1. Using θ = phi - 60° and the Karplus form 6.51 cos²θ - 1.76 cosθ + 1.60, what ³J(HN,Hα) does each residue of region 413-419 get, whole Hz, x for Gly and Pro?
2. If contacts are Cα pairs under 8 angstrom and at least 6 residues apart, what is the relative contact order of region 250-374 in percent?
3. Where only protein heavy atoms count, and the probe is 1.4 Å, what is the accessible area per residue for the chain in Å²?
4. Taking only C-alpha pairs under 8 Å that are 6+ residues apart, what is the relative contact order of region 110-353 in percent?
5. Among the GluC sites (Glu not before Pro) within region 354-460, which fall in a DSSP loop and have no more than 15 other Cβ atoms within 10 Å of their own Cβ?
6. List the lysines whose alpha-carbon lies under 18 Å from that of residue 69, not counting same-chain residues fewer than 8 positions away?
7. Count the DSSP beta bridges whose two residues both fall in the chain, then state the antiparallel fraction as a percent rounded to the nearest 5.
8. Taking residue 180 as the anchor, which lysines have their alpha carbon closer than 17 Å to its alpha carbon, excluding any fewer than eight residues away along the same chain?
Amino acid sequence: MTKLWGGRFQKSAEAWVDEFGASIGFDQQLVLEDLEGSVAHVTMLGATGILPTADVEAILSGLAQLKEKAIAGELEFSIANEDIHLNLEKMLIDLIGPVGGKLHTGRSRNDQVATDMHLFLKKRVQETIDLIFIFQQTLLVQAEEHIETIAPGYTHLQRAQPISFAHHLMAYFWMLERDKQRFTESMKRIDILPLGAGAMAGTTFPIDRLKSAELLGFNDVYANSMDAVSDRDFIVEFLSNASLLMAHLSRFAEEIILWSTDEFKFIELDDAFSTGSSIMPQKKNPDMAELIRGKTGRVYGNLMGLLTVLKGTPLTYNKDMQEDKEGMFDTVHTILGSLKIFEGMVRTMTVNKERLQQAVHADFSNATELADYLATKGMPFREAHEVTGKLVFTCIQKGIYLLDLPLDEMKRESELIDSDIYDVLAPEAAVRRRHSLGGTGFDQVKIQIEKAQACLVVQH
């Protein structure tokens with residue numbers, strides 16, 4: 001088969017060489033974006049008088065037919081035609097005749113593929129933002145239901161202080177908010193059109209790049225043709241933002257996994273997001289959470305892969321840059337799937353309030369309350385810390401907790417301790433009293449949720 005670029009060559013590459021160099025196996029995912037870019041390009045060619053109306057109409061008709069076939073899954077791609085651009089151009093020529101070859105007037109595959117990827121990411125980043133928004137709404141619903149549900153808070157994975165379970169959930173709301181802001185901010189760099197840069201130096205045809213940008217819905221065009229065809233920063237930025245998003249989902253997944261164990265029993269996942277064992281009938285495994293935790297690694301790998309590809313490539317386009325797509329496609333698929341799965345897990349999970357209540361009454365996470373109590377009575381905090389530590393040790397020796405320790409034994413360490421200490425040590429009181437801005441106190445959690453709700457209303 002004659003290559004569309006083959007006029008200068010005297011012999012064809014062997015089939016296995018073509019197969020190694022072809023990208024159609026994965027860049028066919030850009031089929032609709034490539035057709036969209038072509039429609040805008042030929043429309044601009046007609047508007048500027050570069051192509052006659054009859055040619056433009058014929059090409060637009062052919063592109064419309066190809067789009068219908070693409071949506072129906074009826075297009076058959078060929079490795080011999082290398083990539084999505086040449087495949088579609090060959091199909092167009094076969095469909096409408098030689099006039100189809102005029103579509104490529106004033107453009108190159110270099111600015112064409114860059115345009116396709118900008119179009120692709122514009123859509124997928126917006127979809128990512130929308131899914132984060134939905135997930136945040138789900139977190140708010142769960143948080144509102146559990147403002148006064150007391151849970152153990154941890155540092156070093158050791159019981160630290162009692163908290164509102166809603167406060168814990170809201171920490172992830174704000175992580176996701178930062179993720180959403182990063183993706184939103186990145187749209188400024190994605191929303192720049194490379195089309196019209198040609199292979200790397202522009203074109204001699206009197207094209208109208210601003211017209212092309214208007215037709216494709218871009219806010220700006222690249223000011224430098226060399227930068228336009230070689231820039232992959234917008235993909236690196238997307239992969240970086242996706243990596244941070246997956247880091248947050250992975251941390252949450254780890255907690256979901258822990259909370260659903262028999263050792264914790266803080267939550268139970270819905271059957272729809274769990275699996276069983278092929279040999280142990282009693283098992284209910286949090287496989288979806290584990291899988292998201294694992295998929296985080298592949299997103300990190302895609303980021304590092306593209307950074308490595310780009311680090312030594314001179315301007316402008318190099319074949320190395322064909323390696324920019326598979327990691328991008330894989331990351332898009334991974335984060336969109338992960339967000340949908342996680343939202344469902346959180347929306348349908350059952351919170352075991354009784355177990356959480358038992359947990360906060362069977363630990364020393366209220367020890368800080370005793371130290372603060374003594375400090376408010378005038379004892380230096382370091383001394384109060386030591387007194388509390390001794391009382392905790394006494395409890396450990398007796399196999400009891402601070403609320404079980406008789407008042408007279410507490411007084412042996414400090415006469416400042418009075419009977420009101422038992423009210424102070426109650427987990428509910430410990431949470432309620434933490435009403436500093438951003439704290440876990442019930443009033444502050446309500447304020448935080450109201451702020452989050454207002455934030456989402458403004459955005460949508």
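The values are calculated or read from the model by the stated rules, or taken from the named source; none is laboratory data. Source: prediction; values computed, not measured. Reconstructed Cβ throughout: ideal geometry from the backbone, glycine too, with neighbour counts over all protein chains shown. Remember, those area values only see protein heavy atoms, side chains included, never the ligands or the DNA or RNA. Shrake-Rupley method; radii C 1.70, N 1.55, O 1.52, S 1.80 Å.
1. 8, 7, 6, 6, 7, 10, 5
2. Once divided by the residue count of region 250-374, the mean separation gives 30 percent.
3. Values: 22090 Å² over 460 residues.
Each residue of the chain exposes 48 Å² on average to a 1.4 Å probe.
4. Details: 321 pairs, mean separation 55.1, N = 244.
The normalised contact order for region 110-353 reaches 23 percent.
5. 415
6. Residue 69 reaches 90.
7. On the way: 9 of 11 bridges.
Bridges in the chain that DSSP calls antiparallel: roughly 80 percent.
8. 122, 123, 188, 340, 451
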